[in-house]
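Everything on this sheet refers to the single structure shown next.
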Amino acid sequence: MIGSDAFRLLFGHSVRIAGATEGVILGAAIGLALCAASHWPRLVWGSSAMLGAGAGLCIALVDGRMMAGSLQSLVVAFPSSQFGFDGIGGALGETGLGPIGRTVTAAFEGAIFSVATLWGLLRPTSSLIRPSQASDGA
């Protein structure tokens, strides 16, 4: 909300961008995926992707915005821009990024973001040299 108000003050255009609601929904899905990872480690990546995609779908259903939706709002606010989503929209039978395109990209973005965040949280930290390892090698 603060970001869109600041954008309106600076550029004179009102845009709808991702905000706290989208962050809460996606954060809850990632937290659930992290919890599931401790119980079912073999299913961690698939469950993370499914939960993230589900969160993206929920965001799209409540008329929220993920990155592609936020960029589409900027494209609409600045019609002389060279940027567009005609390729994605054309593949889905829409002009630009319509409701179907926004839903599909939100699910995809949610899945990718969830898996990447979980990977960052669960990746091994063996690349860090611990003091006991440094003295053993010398």
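The values are calculated or read from the model by the stated rules, or taken from the named source; none is laboratory data. Note that this is a predicted model, so its numbers are computed, not measured. Here the Cβ is made from the backbone with ideal geometry for all residues, glycine too, and neighbour counts use every protein chain on show. Quick note on the areas: whole protein, heavy atoms, side chains included, nothing else; ligands and nucleic acids left out. Shrake-Rupley method; radii C 1.70, N 1.55, O 1.52, S 1.80 Å.
A few notes on this one:
- Inter-residue pairs, beta-carbon under 6 Å, first more than 16 Å from residue 116 (Cβ to Cβ) and free of Cβ contacts under 8 Å to residues at least 40 places away in the same chain and in the stretch 26-50, second crowded, with 17+ Cβ neighbours inside 10 Å and not hydrophobic (A, V, I, L, M, F, W, C), 6+ apart: 36/47
- Checking the stated criteria, residue 95 turns out not to satisfy the condition of being assigned to a helix (DSSP H, G or I), in contact with a Gly (Cβ under 8 Å, 6 or more places away or on another chain) and open to solvent by 70 Å² or more (accessible area, probe 1.4 Å).
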